[in-house]
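Data first, discussion second: the structure below is written as structure tokens.
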Amino acid sequence: MAKTVSVSEAREQLGSYVRWSKDNRDYVIIEVRGKAEAALIPYEELAVLQAAHEAARRRNALAKLEALAAQVNAQAADLSDEEVEALADEVTRDAIQALVDKGKIQFAD
């Protein structure tokens, strides 16, 4: 069961709470003026939380892409095949350039 301590207790006894969290594989909830503000967790739990956060971020990004695709499909209903291809090329180039600008991808010279 998680342990709840005040921020002043946590400050004074941080080492013992770190050991307690690790040994018990449980959380230490830190309160400021009686309100939970932070938590000390076993390090192994961090990877689980990070993976869950990344999965949620990817699901959100996918949902946005799917909504954008639906919007584009609705707007493209009246376009010719050539216009659709030109628009797809433009969007692709813009997306690739944005990734290059952010340093997410690089092209070898």
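The values are calculated or read from the model by the stated rules, or taken from the named source; none is laboratory data. Here the structure is a predicted model, which means the values were calculated and not measured. Here the Cβ positions follow ideal geometry from the backbone for every residue, glycine too, while neighbour counts run over all protein chains shown. What goes into the accessible areas is simple: the full protein's heavy atoms, side chains included, and nothing from ligands, DNA or RNA. Shrake-Rupley method; radii C 1.70, N 1.55, O 1.52, S 1.80 Å.
Brief remarks on what is shown
- Among the residues listed as Ala98, Ala74, the single one being touching a Lys or Arg at 6+ places or on another chain (Cβ under 9 Å) and free of Cβ contacts under 8 Å to residues at least 12 places away in the same chain: Ala98
- Residue in the stretch 33-55 that is over 19 Å from Trp20 (Cβ atoms), loosely packed, with under 10 Cβ neighbours inside 10 Å and among the aliphatic types (A, V, I, L, M) present: yes
- Of all residues in the stretch 1-14 being of a type in the set (A, V, I, L, M, F, W, C) and outside any helix (DSSP H, G or I), the one that is most open to solvent (accessible area, probe 1.4 Å): Met1
For every residue, the table says whether it meets (1) modelled with pLDDT of 95 or more; (2) in a helix (DSSP H, G or I); (3) on the phi > 0 side of the Ramachandran plot.
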position	(1), (2), (3)
Glu31	yes, no, no
Val48	no, yes, no
Ala67	no, yes, no
Ala76	no, yes, no
Glu83	no, yes, no
Glu90	no, yes, no
Asp94	no, yes, no
Leu99	no, yes, no
Lys104	no, no, no
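- Checklist (1) surrounded by 10 or more Cβ atoms within 10 Å (Cβ to Cβ); (2) touching a residue at least 12 places away in the same chain (Cβ under 8 Å) applied to Asn60, failing item: (2)
- Selection within the stretch 15-28 - open to solvent by 90 Å² or more (accessible area, probe 1.4 Å), assigned to a helix (DSSP H, G or I) and not basic (Lys, Arg): Asp23
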